[in-house]
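Below is one structure, written out as structure tokens; the observations come after it.
The values are calculated or read from the model by the stated rules, or taken from the named source; none is laboratory data. Remember, predicted model here, so these are calculated numbers, not experimental data. Glycine gets a Cβ as well: all are built from the backbone with ideal geometry, and neighbour counts include every protein chain shown.
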Amino acid sequence: MDVSQRIKEDILNNRLPRGVPLRQVNLSDSYGVSRIPIRDALLSLRAEGWLVTHGKAGVMIPDLHWKEAEDIYLMRAHLECLLFDMAFDGIKVADIEKARGITLRLDREHISLVERGELNWRFHEALYQAADRPTLHRVVEGLNKQAVRYLGFQYGPLGYRARSQQQHKAWLDMIESKNKSGSVDFLHQHIVNAGALLTDYLKNL
């Protein structure tokens, strides 16, 4: 696991403080690496939305907010379904089998939240590649990477992991049966239901 992933994992598990500047020298000591990989990791994490600017040159971990969570799932529900609709007719048996293989890896118990988030994106990505729409694909990927920041809630107190996996498998069966409209609708509900549950939970914290 590289430094960027280690920092993500510590953010998800509340091992780094929110709302205060992260000091490169302290992170360098904590992770046992020089300041150069720390600097590069912080730049990457800021670009992905995991960190925000603090002061002139610093960064900090932002608080998680229901409005951001809602924005992410609303954008995903629209753009991701558009991308999937474009991909559907080009999805091959090999793409479905690749996605099924990823669901098996997601069934494992002892993997980190960061790895679960990455595998979840790779599962979806396997079914979107056929669209061959790189610009839209990059936007959808960015939204999925931002959504990983909320997995601590979804896979923790909300207990959504098992339900998500069941839906993934049902979705693959629907795709395999060539039911395009049903598959697009199913994806929309998959994203909206999880997003609305998370948003409501965060509103009540």
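Name the single residue that is nearest to Gly156 (Cα to Cα) among those in segment 1-56 being outside any loop (DSSP other than H, G, I, E, B) and among the β-branched types (Val, Ile, Thr).
Let us first name the residues in segment 1-56 that are outside any loop (DSSP other than H, G, I, E, B), namely 3-12, 18, 21, 24-31, 35-47, 52-54.
Narrowing further to those that are among the β-branched types (Val, Ile, Thr): 3, 7, 11, 25, 36, 38, 52-53.
Details: Val3: 24, Ile7: 19, Ile11: 14, Val25: 32, Ile36: 34, Ile38: 28, Val52: 24, Thr53: 28 Å.
If we take residues in segment 1-56 being outside any loop (DSSP other than H, G, I, E, B) and among the β-branched types (Val, Ile, Thr), then Ile11 is nearest to Gly156 (Cα to Cα).
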For residues that are assigned to a helix (DSSP H, G or I) and among the hydroxyl-bearing types (Ser, Thr, Tyr), scanning just segment 96-131, find the one that is nearest to Gln5 (Cα to Cα). Thr103
So which of Leu22, Leu43 ends up being surrounded by 15 or more Cβ atoms within 10 Å (Cβ to Cβ) and aliphatic (A, V, I, L, M)? Leu22
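Regarding segment 121-133, can at least one residue be identified that is surrounded by 15 or more Cβ atoms within 10 Å (Cβ to Cβ), touching a residue at least 60 places away in the same chain (Cβ under 8 Å) and among the polar types (S, T, N, Q)?
Going through segment 121-133, the residues surrounded by 15 or more Cβ atoms within 10 Å (Cβ to Cβ) turn out to be 121-131, 133.
Keeping just the survivors that are touching a residue at least 60 places away in the same chain (Cβ under 8 Å) gives none.
Among the residues of segment 121-133, not one is surrounded by 15 or more Cβ atoms within 10 Å (Cβ to Cβ), touching a residue at least 60 places away in the same chain (Cβ under 8 Å) and among the polar types (S, T, N, Q), which makes the answer no.
For segment 57-95, name all the residues that are touching a helix residue (DSSP H, G or I) at 6+ places or on another chain (Cβ under 6 Å), β-branched (Val, Ile, Thr) and part of a helix (DSSP H, G or I).
Of everything in segment 57-95, just one residue is touching a helix residue (DSSP H, G or I) at 6+ places or on another chain (Cβ under 6 Å), β-branched (Val, Ile, Thr) and part of a helix (DSSP H, G or I), namely Ile72.
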Quick check on segment 26-57: of everything there that is of a type in the set (Lys, Arg) and farther than 21 Å from Asn13 by Cα, which residue is modelled with the lowest pLDDT? Lys56
Hey, does segment 93-103 have a residue that's surrounded by 17 or more Cβ atoms within 10 Å (Cβ to Cβ), of a type outside the set (S, T, N, Q), modelled with pLDDT of 95 or more and within 18 Å of the chain's Cα centre (by Cα)? yes
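Quick check on segment 158-181. Is at least one of its residues assigned by TED's automatic domain parsing to the domain that holds Leu74, of a type in the set (Gly, Ala, Ser) and in contact (Cβ under 8 Å) with a residue 60 or more places away in the chain? Talk me through it step by step, then tell me what you get.
Kept after step one, since they are assigned by TED's automatic domain parsing to the domain that holds Leu74, are these residues of segment 158-181: 158-181.
Narrowing further to those that are of a type in the set (Gly, Ala, Ser): 159, 162, 164, 170, 177, 181.
Right, trim to in contact (Cβ under 8 Å) with a residue 60 or more places away in the chain and you get none.
So far as segment 158-181 goes, no, none of its residues is assigned by TED's automatic domain parsing to the domain that holds Leu74, of a type in the set (Gly, Ala, Ser) and in contact (Cβ under 8 Å) with a residue 60 or more places away in the chain.
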Between residues in segment 72-93 that are among the hydroxyl-bearing types (Ser, Thr, Tyr) and residues that are surrounded by 19 or more Cβ atoms within 10 Å (Cβ to Cβ), which pairs lie under 8 Å by C-beta distance while being six or more apart or on different chains? Tyr73/Ala147; Tyr73/Ile191; Tyr73/Ala194; Tyr73/Gly195; Tyr73/Leu198; Tyr73/Thr199
Single unsatisfied condition, Gly156 versus (1) assigned to a helix (DSSP H, G or I); (2) surrounded by fewer than 18 Cβ atoms within 10 Å (Cβ to Cβ): (1)
